[in-house]
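Structure first, commentary second.
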Amino acid sequence: MATQSLVDFQFELDLRELRQRIWQVIPGLLSWTTLIGLTVLAFWLPFWIAIFVIVYDVYILIRAVYMSIHLVYAYNKLKRSSSTPWRKKLEDLPTQEVDWRNVHHFIVLPTYDEEMEVLRGSIRALAGSDFPLSQMHVVVGFEERSGEDARSRAAALHEEFDHVFGTFMTTFHPDGSPGERRVKSANATWALRRLEEKTAPLDIPVRHILVSNFDSDTVVHGNYFSYLTHVFITHPDRYHVSYQPIPLYNNNLWDAPAFSRVIATGSTFWQLIESTRPERLVTFSSHSMTLQALHDVGYWQRDIVSEDSRIFWQCLLRYNDRYRTEPLYTTVSMDAALTPTLPRTLVSQYRQQRRWAWGIENFPYLVEGFISNKSIPWRRKAMYLFRTLEGHYSWATAPIIVAGLGWLPILFGGPEFHTTVLSYSLPFITRTLMTAAMFGLVISASIAFMLLPQKPERVRPWRYGGMVLQWALVPVMATVLSAFPALDAETRLMLGRDLNFHVMQKTRRV
């Protein structure tokens, strides 16, 4: 009997591993089948591929208009929120189930080899918050493998900030712990648990604690914690919600090269657009959530790269679809890709995009989770799976199709196709549609200009021109530094090749 049970268990384990490999193959297989299939069909069916190109370009135009409308709407909400006195609104609130004076914030800043100036800037921004600092508890999580240099930075931070907050501490995450990889989530989980141990004598109720897991270069807006607290205590389902601010990459934007600025601003715009569609919004990069939810799901998984989005899916499965992401129309500013040399910056930017695209690793996790969870309606499961798969599929294929596919029927269509009216009209039609779609760049450039941080005195005024002209790079950058990294990530997953966590170098020019 025991032998039969062991055989059944092994069979179930093998079946699950087989299914896992199938789910891992699907995203990359879809993208590569599309790109290769359309290229091959351009030889055999150039007329129909040309029709497809026109229809697809019309779809891109409609989508550009749709996205631009949502972008303008989100920017206006961000602008209105930034002038709202959230601290005063907290003080003027009528009695709530949770009093804001009893809400405490645990801020986790995992770090590996960030420069002292980067860490100091992030912590000083926390100290400049309009929320009571006595209700803020900060932990900077260093890696033990960083050596003595990290310990000297930790000592310097202690000397400067030890008595600024309710609690300030540094931790050193041990290397090589069982069940862990060298990823941010392992460090963050270790740091948060040590912070809980240190604050245990304060006897703060778990349900009164909000946890903000920030990248080490995150500079918060002064109203962030007052705004977050207001949303938390007034939310009707506060313990089943993550709270997502708008990420900017303004810390070193004036020094970053044009391609870094375009990619960074594009990421901001995508989050602005997603904030207007909260049914689609998933946690990204620096965000906040309740300690209660983290306890319920066992903290962040310590062996994955995309912990920022994975924690949302963990909660969604744990609470049987009763979990959402609430947009916060306030900003957290981080660093754009910048290293001492341009080639290294290009590589760093590519790796960062690939790491973000590695969020596709959540697709197999979701499929298996939905198979096990019988409480979530199948229609909701299908919707989540479709959105996840379609989003990464479009990320990896759309820029390549738009940039290159339109020329394939003309290049490979043969004499018979070249004698048709469609052959002569195709370049004009696609050029006209894409030119119309590019008007969305005018809106993007305008909003990007309004989101620019103040120009440092050392930067010449002519750089303003570069901030406008950089948008001409979008068609190329969308392919080279967006679609290619996404396709790279999907291919790695398809081939069973894991992705290590790449810490983007953060450089500030003084």
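Quick notes
- Cα-centred dipole magnitude for the range 97-236, charges only on beta-carbon of K, R (+1) and D, E (-1), debye, nearest 20: 320
- Loop sites in the range 71-142: GluC sites (Glu not before Pro), DSSP, at most 10 other Cβ within 10 Å: Glu97
- Matching the structure-derived Kirkwood radius over Cα pairs in Å against the labelled list (i) 32.8; (ii) 24.7; (iii) 25.6 gives the label (ii).
- Top positive-direction residue, dipole computed over the chain with Cβ charges, set Ser82, Val118, His104: Ser82
- Rounded percent of accessible protein surface that carbon and sulfur make up, the chain, 1.4 Å probe: 62
- Computed from backbone phi, the HN-Hα couplings of the range 90-105 come to 4, 5, 8, 5, x, 4, 10, 4, 10, 6, 4, 6, 9, 7, 10, 10 Hz, rounded to whole numbers (Karplus: 6.51 cos²θ - 1.76 cosθ + 1.60, θ = phi - 60°; Gly and Pro given as x).
- Estimated [θ] at 222 nm from DSSP helical runs (n ≥ 4, -39500 (n - 2.57)) normalised by residues in the chain, nearest 500: -19000 deg cm²/dmol
- Expressed to the nearest 5 percent, the antiparallel share of DSSP beta bridges inside the chain is 25 percent.
- Charge dipole magnitude, Cβ of K and R +1, D and E -1 - the range 398-510, Cα centre, debye nearest 20: 780
- Solvent-accessible area per residue, Å², over the chain with all protein chains present [probe radius 1.4 Å]: 45
- Summing Cβ point charges (Lys, Arg +1; Asp, Glu -1) relative to the Cα centre of the chain gives a dipole of roughly 1120 debye.
The values are calculated or read from the model by the stated rules, or taken from the named source; none is laboratory data. What you see is a predicted model; the values in this text were computed from it and never measured. Reconstructed Cβ throughout: ideal geometry from the backbone, glycine too, with neighbour counts over all protein chains shown. Surface areas here come from the heavy atoms of the whole protein model, side chains and all, with no ligands, DNA or RNA. Shrake-Rupley method; radii C 1.70, N 1.55, O 1.52, S 1.80 Å.
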